[in-house]
Amino acid sequence: MDNYSNIMGIPVPQLTMRNSVELINKVIEQKPPELFHVVTLNPEIAMACQQDQQLRSILDGAGLLTADGIGIVMVSRLKGNPLPERVTGCDLLLHLLEAGNQKKWSFYFLGADEATSEKASKVIRRTYPNVSVLGRHHGYFYPMEEAQIVEEIGSLQPDVLVVALGAPFAERWIYKHKDQLHARIAIGVGGSLDVIAGKVKRAPELWRKLGVEWLYRLLHQPSRWRRQLILPRFALRALFYKER
């Protein structure tokens, strides 16, 4: 991974979805002694880590960063060092499930509410019959339950740990427990389990290709408008960002 795009001081490798899946496949096959943390970078995380040194250290120590948000890709293009495409958490998870179905990978799913977690697991088992779902747990656990969840994941040692707790909480959670999880890959995927379970409808492919999935979600979930305010702020700060 020699080629990177600089996004607000964050080096994001210029990898396609195919490249990313191939890299993760190699990591799983090599059985690394340490957890390989995949961070799907969006404007919210990029902005937050400018003031949060712990979050920035999580990004710096990640095995792979991918361009989750269209804003990340657009800024890279405007600055003349373009990323090839978006590699979103949801799309990457679906591609990993497809690869896992061929290679019989094992997964553990953490996040979403109980009904959604159960439904997503059923859909995954039905759609990807060769994938081994070692376990799952909803994301609304109490602090006193956390140690037991970490212990369960550590004992199961999944190839891929999927954490759907929202960004950047998922990234912090993975980092906090990275030495105890004993998974080969850990990735935060936002609300992807909601999509798999059918609770949330994903934007049609044309909207995604045009880079306006954020608008589709806003139209269908108007309560997201406050979150979307970060997009123009991110674009301005990222375009005029200067290394300190």
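The values are calculated or read from the model by the stated rules, or taken from the named source; none is laboratory data. Since this is a predicted model, take the numbers as computed values, not measurements. With ideal geometry, Cβ positions are generated from the backbone for all residues, glycine too; neighbour counts draw on all protein chains shown.
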Conditions (1) in contact with an Asp or Glu (Cβ under 6 Å, 6 or more places away or on another chain); (2) closer than 23 Å to Phe240 by Cβ: number failed by Thr16: (2)
Close pairs from the stretch 16-31: first under 15 Å from Asp68 (Cβ atoms), partner surrounded by 17 or more Cβ atoms within 10 Å (Cβ to Cβ) and among the hydroxyl-bearing types (Ser, Thr, Tyr), Cβ under 7 Å, at least 6 apart: Ser20/Thr66
Output for the stretch 10-64, where each listed residue is within 15 Å of the chain's Cα centre (by Cα), assigned to a helix (DSSP H, G or I) and β-branched (Val, Ile, Thr): Val21, Ile24, Ile45, Ile58
Which listed residue, of Ser20, Ser57, is hydroxyl-bearing (Ser, Thr, Tyr) and under 17 Å from Ile185 (Cα atoms): Ser20
Those residues of the stretch 173-210 which are among the charged types (D, E, K, R) and under 15 Å from Arg86 (Cβ atoms), in sequence order: Arg202, Glu205, Arg208, Lys209
Flag for Ala183 being surrounded by fewer than 14 Cβ atoms within 10 Å (Cβ to Cβ) and either outside any loop (DSSP other than H, G, I, E, B) or modelled with pLDDT of 95 or more (or both): no
Sole residue being among the polar types (S, T, N, Q) and farther than 30 Å from Tyr142 by Cβ, chosen from Ser117, Ser76, Ser106: Ser76
Tally, over the stretch 122-138, of residues that are within 16 Å of Glu98 (Cβ to Cβ) and in a strand (DSSP E or B): 2
Test for Lys178: is it in a loop (DSSP other than H, G, I, E, B) and modelled with pLDDT of 75 or more: no
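Can you say whether Val162 is in contact (Cβ under 8 Å) with a residue 12 or more places away in the chain, among the hydrophobic types (A, V, I, L, M, F, W, C) and either assigned to a strand (DSSP E or B) or surrounded by fewer than 16 Cβ atoms within 10 Å (Cβ to Cβ) (or both), as far as the supplied structure shows?
So Val162 passes the test.
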Of all residues making up the stretch 30-52, the number that are surrounded by fewer than 14 Cβ atoms within 10 Å (Cβ to Cβ) and modelled with pLDDT of 95 or more: 0
Qualifying residue in the stretch 111-121 (condition: in contact with a His (Cβ under 8 Å, 6 or more places away or on another chain), buried (at least 23 other Cβ atoms within 10 Å of the Cβ), at pLDDT 95 or above and not in a helix (DSSP H, G or I)): yes
Pairs where the first residue, in the stretch 77-101, is closer than 16 Å to Asn42 by Cα and the second is in a loop (DSSP other than H, G, I, E, B) and at pLDDT below 95, C-beta under 6 Å, 6+ apart: Thr88/Asp68; Gly89/Asp68; Gly89/Gly190
